[in-house]
Every structure is written in C-alpha cells, then in structure tokens.
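Coordinate-derived values only; no laboratory data. Treat the numbers as computed from the prediction; the structure is a model and nothing was measured. As a convention, Cβ positions derive from the backbone with ideal geometry for all residues, glycine included, and neighbour counts pool all protein chains shown.
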Amino acid sequence: MKKGILVVSFGTSYSDTRALTIDAIEKKIEASFPDIPFYRAWTSRMILTKLKETTGENIPTVSEALLQMKEDKITDVYIQPTHVINGIENDQMKEDALALQGDFHSISFGAPLLSSTEDMRKIVQILGSSFADLDASEALVLMGHGSEHYANTVYPALDYMFKEMGYPYIHMGTVEAYPELLHVTELLKKSKVKTVHLAPFMIVAGDHANNDMAGEERDSWKSVFEKEGYDVVCHLKGLGEYEEVRKIFVKHLRDIYR
C-alpha cells in the first residue's frame, strides 16, 4: 500500500496571485502531510496551454497526474480540489479521475471549499472579520464566478448568511449566474452607501478580478459602480491568500484520509 495526495486546481496564468493562492494552498497541504508523496494537476486546458507557450511550464491534467502516480506505484489516491463549489469543474475532475479507478486500490475525494453549512459560516467569519472596519457609508461587494450548476445556490445562501451573521454591508454577486451585478446595484440604491469595496470571491485574483472586476472597461464592476456615483476601492486578494481558507482545505483532506 502506498498513499499519494493529488491537489487539483482550475489554474491561473497570473504568476503573482498563483504564488499567493494555489501555490500557498499546495504548500500548506504538503506541510500538513509531510510523509505522503504530493502531486498537482490543473483542470483548465486553456490555461495549461497558455502557460506552456509563455513560460514553458508543463503542469499535468488530472489524467496525466494520475498516470504518473500509477507509474510511481501509488495505490491509494487522495484528491483534494481547490474549487470553491461542487460545480461543473469538480464534477469533471471526478469523472476524469474515476475513468482511471481501475488502476488503483482506491481513489478518495476531499470536498471543495464550500461543501457544508459549517464551511459557509467559516467563510462568512473570515471575510466579515477582514472587513469589520467598514462604516455605515461603505459596502463590500464580492465577485463570485457563478455557474449553471445547481451548486450555484451557495452564492445567494452566502449573501443571506452574511446578513444573518451580522454583516449587512457585505453583498454577493456573480459574473455568470445569480445573483447578478444588477441585483446588487439595485439593492445599494436603497442604502446610504457612498463607497463600494470590491473583492473577488475566487481562489485566485486572476483574469476575472483584474479585468471583469477592477478593469477600466465600461462594463467592469468598478466602472459600473463609478458610473452610479460611488467611490470604488478594489481589493485584489484571492480567497487562497487567507490562512484560514487554506486550513479549510487541509481539514477537508483530513476528513477523507485514513
């Protein structure tokens, strides 16, 4: 019997945020399981191709990483995703991994970041305490990715939970699903908010954070709020930069490790 850990991320082409988020999560997990062989994989083929063309780095896909683990005579695989929700990317990761299930004694999956009410409460506390000094004229708007997957219900649930746990000035929006930016802007019109803080609700502060959120284009969230008359402050800090978030991933891996 030989155990191995595979950490799976979507990936990013932004090297600065990668070092602070994906790499930091990997290092935290590796340090927490020092005697277990460690492997990584990314799921975005577009990013993998771009990285190979620009930097020459060749990060494996899930299938490629598992084939390497098989070659290294790993028998029991523990896969920990760094995905935010149990959505499309996570489903695809499991499908790719289970296609090679016959090559191993066992393959076990750790949960993504937000997989229970307890996880959600922890995230509310982490972000709520990080922005606890905002006054009545300020609001924090979080940009989630959003998904057509039913797991997208996490985002409106979190929006409710921020209010329920004492952070009425924190609002959740998504780029591609519900709640939309429009829902947040309409809500803020009914308040006395003058300054809007924007932060990505994603593991990395990558393309969505730098362009869709903080970019200078007319349809960026920053530009939309400025057009509405708000002062806007952008915080380019991915969720992976929070030590307490990294601890959640470690816990999820410990939950399946045996």
**OP:** Let me know the charge dipole size of the range 39-145 about its Cα centre in debye, to the nearest 20, where only the beta-carbon of Lys, Arg (+1) and Asp, Glu (-1) is charged.
**Re:** 180 debye
Original post:
Which entries in the list LYS73/LYS94; LYS28/LYS50; LYS163/LYS237; LYS163/LYS194 go over 24 Å, if you measure between the two C-alpha atoms of each?
Top reply: LYS28/LYS50
Subject >> Sparsely packed trypsin sites (Lys or Arg not before Pro) within the range 53-162, loop by DSSP, other Cβ within 10 Å at most 11 >> reply: LYS73
**OP:** Treat the count of other C-beta atoms within 10 Å as a stand-in for reagent exposure and order SER9, SER108 from fewest to most.
**Re:** SER108, SER9
Subject >> Straight-distance crosslink candidates among aspartates and glutamates, where the alpha carbon sits under 19 Å from LYS189 and sequence neighbours closer than 8 are dropped >> reply: ASP135, GLU138, ASP159, GLU180, ASP219, GLU226, GLU228, ASP231
Subject >> trypsin sites (Lys or Arg not before Pro) within the range 123-232: DSSP coil, no more than 14 neighbouring Cβ in 10 Å >> reply: LYS189, LYS190, LYS192, LYS194, ARG218
**OP:** Could you work out how far the C-alpha centroid of the range 43-65 sits from that of the range 110-132, in angstrom?
**Re:** 29 Å
Original post:
Projected onto the charge dipole of the chain (+1 at Lys/Arg Cβ, -1 at Asp/Glu Cβ, origin at the Cα centre), which of ILE74, THR153, VAL196 gives the Cα projection farthest towards the positive end?
Top reply: ILE74
Original post:
Taking Cα atoms, how many degrees apart are the long axis of helix 243-256 and the longest axis of the chain, rounded to 10 and kept between 0 and 90?
Top reply: 40 degrees
**OP:** Please report, in debye to the nearest 20, how large the charge dipole of the chain is about its Cα centre when each Lys and Arg carries +1 at its beta carbon and each Asp and Glu carries -1 there.
**Re:** 560 debye
**OP:** Starting from the Cα of TYR150, step 7 Å toward the Cβ, then list every residue of the range 83-116 with an amide N under 20 Å from that point.
**Re:** 84-95, 111-116
**OP:** Jot down the radius of gyration and Dmax of the chain, Cα atoms only, both in angstrom.
**Re:** 19.1, 62
Subject >> Part-to-part distance (alpha-carbon centres) for the range 216-252 and the range 1-32, which is given in Å >> reply: 21 Å
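How large, in Å, is the range 1-111 by the Kirkwood hydrodynamic radius built from its alpha-carbon pairs?
Evaluated over the range 1-111, this radius sits at 14.3 Å.
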Original post:
Relative to the longest principal Cα axis of the chain, at what angle does helix 117-130 sit, 0 to 90 degrees, rounded to 10?
Top reply: 50 degrees
**OP:** For helix 45-54, report the angle its Cα long axis makes with the longest principal axis of the Cα atoms of the chain; keep it between 0 and 90° and round to the nearest 10°.
**Re:** 90 degrees
Subject >> Extent along principal axes [Cα atoms of the range 117-238; Å; largest to smallest] >> reply: 37, 31, 24
